[in-house]
Amino acid sequence: MTPTSTNLPISGARLWDSLMEMARIGGTAKGGCNRQTLTAQDGEGRHLLAAWARAAGCTLSVDRLGNMALRREGSDPARKPVAFGSHLDTQPTGGKFDGVLGVLAGLEIMRALHEAGATTRAPLLLINWTNEEGARFAPPMMGSAGAMGILTEAEILAKTDPDGAVFGQALDAIGWRGTADPAALADCAAYFELHIEQGRLLEDGGHDLGIVTHALAQRWYEVTVTGEEAHGGSPMAHRRDALMGAAWLISAVEEIALSAIAPDGEPGRGTVGQVSVYPSSRNVTPSRVWFSVDTRHGDPAQLDLMGTRLRARAAEIAEARHLTIDVADFWHSPLTRFDPALIGRCEAAATMRGLNWRYIPTGIGHDAVYVARRVPTVMLFTPCHDGLSHHEAESITPAWAEAGLLVLADAVIAAANEE
C-alpha cells in the first residue's frame, strides 16, 4: 500500500524504549551518556542501530567517513531518496537525546513501514552522521561536511584528537570505515532532522514543537596572548602577564556579544569554551595563553562587527599591557535558511495534529545546517527541560518525543509520496 502516517503503526512508546536502550551504551553514573565519536561505545551504538534497521527491512551502506546510510526502497527506486537522521555520538558528559532522538525517530518510521508492509514512492534514507559533536575531533559536523564538500575527505581523515589519535585510524579501529562515496549523500530530494531544542524557548512558551526557519551565522576564533614569564614574587610593575591580558579580553567577549544588537533587537552570542595556560606553574606569570572564542548572530553584519570589535579590543589590551595578541579565524558557518516548502509540510503536519507549535531559529550547529547548502532541508525541535543539553541531566518527555516523531513521519511520508 501507499502509506500515510495515519495508517501506519507509528509508536511513541517503541521510540522511547529504543532511546532508553541506546542510552545504556556509554551510560554514565549521573544518567547521561559518554559515547564520543570513534570510540568503542560509538561502534557499539552503530552496531545496535544497524541491527535494528536491518530487522526493519533496511539495507546499510557506510561511506569512507563512516556515515551510515540505512535505505528502504520505494516503489520508484529511480527517484532521489527522502533523507532524515542526525547523530549517535555524544559529548563526554552528554545526555540521552541530543542527536539520538533524530536517528531513532527515523528508525521508528522505518519500523512502522516494515510492520505495515507499506512502501513510499521515493526511497527513504536514514542517516547517522559521523562526528557531529566535535568533542573529540574538531571541528564539529565532520561527516556532513565531507559529504557536502565543505571539508575534504583527506583533511577530515587526518584530524587528530588532543591525545594525538588520528581520525582515519580511529575510524579503522572501530571497524566503521566503509567504501561508499560520501558525496552520494548530497544526492537527495530532501532532508529532515528532528532534534531537541537545546534552549528553553519552547518549554517556557508551552509549545509542543518548534519548526526551525534558519540557523544563526557563526564565526569561531583562536586567540593567542604572548607575554613574558616572571617570578611570582617579583614586583608587579612592568610584568607582561599573558593571563591578565587574556582575562581582560575574555571578559570583553560577553560585552561585545550583548552590545551587537540587530535591527530586530536580537543581541549576539559569545562563548569562551577552552583556555590553555603556559607554563602553568603556581608561582610563574604565564607567558602564553591560548583560548577559543565562539561568536553567533542572526544578523551576519552584526556577526562581522563582533569580530572587528574583538580584534580592536585585543589591540588595545596588547598595547596597554605590552603583550602580543593574535586573533586567528578558525571556522565560519554562514546564516542558513531552511527550505520554505519543507517548512510548509511541517506546519501542515503540526497543525493537523493539533499541536501548539512556533517558528524558531537555531543558534547551534547541526548536520542539517551543512546539508542545507546542497539539499532542501528543514529541522524540527522538541522542547527540553530547562534548556539543558550537552549535560547528563538533559531530559525530555515521552509526549514531546512522540509529537516530534509524528510530525516528522507526516512530513517525510508526504514528501516521499509526492507526485
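The values are calculated or read from the model by the stated rules, or taken from the named source; none is laboratory data. Not measured: the values here are computed from a predicted model. Don't worry about glycine lacking a Cβ; one is built from the backbone with ideal geometry, like all the others, and counts go over all protein chains shown.
Would you confirm whether or not segment 399-412 contains a residue that is buried (at least 19 other Cβ atoms within 10 Å of the Cβ) and not in a helix (DSSP H, G or I)?
Let us first name the residues in segment 399-412 that are buried (at least 19 other Cβ atoms within 10 Å of the Cβ), namely 400-412.
From the residues that got through so far, the ones that are not in a helix (DSSP H, G or I) too are none.
Looking through segment 399-412, none of the residues is buried (at least 19 other Cβ atoms within 10 Å of the Cβ) and not in a helix (DSSP H, G or I).
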Seminar exercise, completed: Per the filter on segment 189-210, residues closer than 25 Å to Ala122 by Cβ and surrounded by fewer than 23 Cβ atoms within 10 Å (Cβ to Cβ) are Ala189
Exercise. Before we move on, is Ser281 farther than 30 Å from Ala372 by Cα and part of a strand (DSSP E or B)?
Worked result: no
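Looking for whichever is surrounded by fewer than 24 Cβ atoms within 10 Å (Cβ to Cβ), assigned by TED's automatic domain parsing to the domain that holds Leu405 and in contact with a strand residue (DSSP E or B) (Cβ under 6 Å, 6 or more places away or on another chain) here; the options are Gly31, Gly106, Gly26, Gly74. Which one fits?
On the way: Gly31 fails: in contact with a strand residue (DSSP E or B) (Cβ under 6 Å, 6 or more places away or on another chain); Gly106 fails: surrounded by fewer than 24 Cβ atoms within 10 Å (Cβ to Cβ); Gly74 fails: in contact with a strand residue (DSSP E or B) (Cβ under 6 Å, 6 or more places away or on another chain).
Criteria check complete, one pass: Gly26.
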Problem set entry | Lone unmet requirement of (1) assigned to a strand (DSSP E or B); (2) touching a His at 6+ places or on another chain (Cβ under 9 Å) for Phe291 | (2)
For this session: Look at Gly164 and say whether it is in contact (Cβ under 8 Å) with a residue 12 or more places away in the chain and assigned by TED's automatic domain parsing to the domain that holds Leu49.
Result: no
Exercise. Filtering segment 154-209 down to residues that are more than 19 Å from Val369 (Cβ to Cβ) and among the aromatic types (Phe, Trp, Tyr), which residue is farthest from the chain's Cα centre (by Cα)?
Worked result: Trp176
Problem set entry | Residue in segment 68-82 that is under 21 Å from Arg111 (Cβ atoms), at pLDDT below 95 and outside any helix (DSSP H, G or I) present | yes
For this session: Would you tally the residues in segment 201-244 being on the phi > 0 side of the Ramachandran plot and not small (Gly, Ala, Ser)?
Result: 1
Problem set entry | Matching residues, segment 357-380, being under 22 Å from Asp208 (Cβ atoms), at pLDDT 95 or above and out of contact with any Asp or Glu (no Cβ under 8 Å at 6 or more places or on another chain) | Arg358, Tyr359
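Restricting attention to segment 114-131, report how many residues are of a type in the set (Asp, Glu) and closer than 28 Å to Gly365 by Cα.
The qualifying residues number 0.
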Exercise. Of the residues Ser276, Ser287, Ser259, Ser280, which is under 13 Å from Val223 (Cβ atoms), at pLDDT 95 or above and of a type in the set (Ser, Thr, Tyr)?
Worked result: Ser276
Exercise. Within the set of pairs 6 or more residues apart or between chains, which connect a residue that is in a loop (DSSP other than H, G, I, E, B) inside segment 334-353 to a residue that is exposed (fewer than 15 other Cβ atoms within 10 Å of the Cβ) with Cβ atoms less than 6 Å apart?
Worked result: Leu335/Pro300
Exercise. Scanning for something crowded, with 16+ Cβ neighbours inside 10 Å and part of a helix (DSSP H, G or I), does segment 370-382 turn up at least one residue?
Worked result: yes
Seminar exercise, completed: Among helices (runs of 4 or more DSSP H) entirely inside segment 95-203, those with 3 or more residues being closer than 23 Å to Leu355 by Cβ are 100-116
Problem set entry | Selection count, segment 32-60, where residues are touching a Ser or Thr at 6+ places or on another chain (Cβ under 6 Å), part of a loop (DSSP other than H, G, I, E, B) and of a type in the set (A, V, I, L, M, F, W, C) | 0
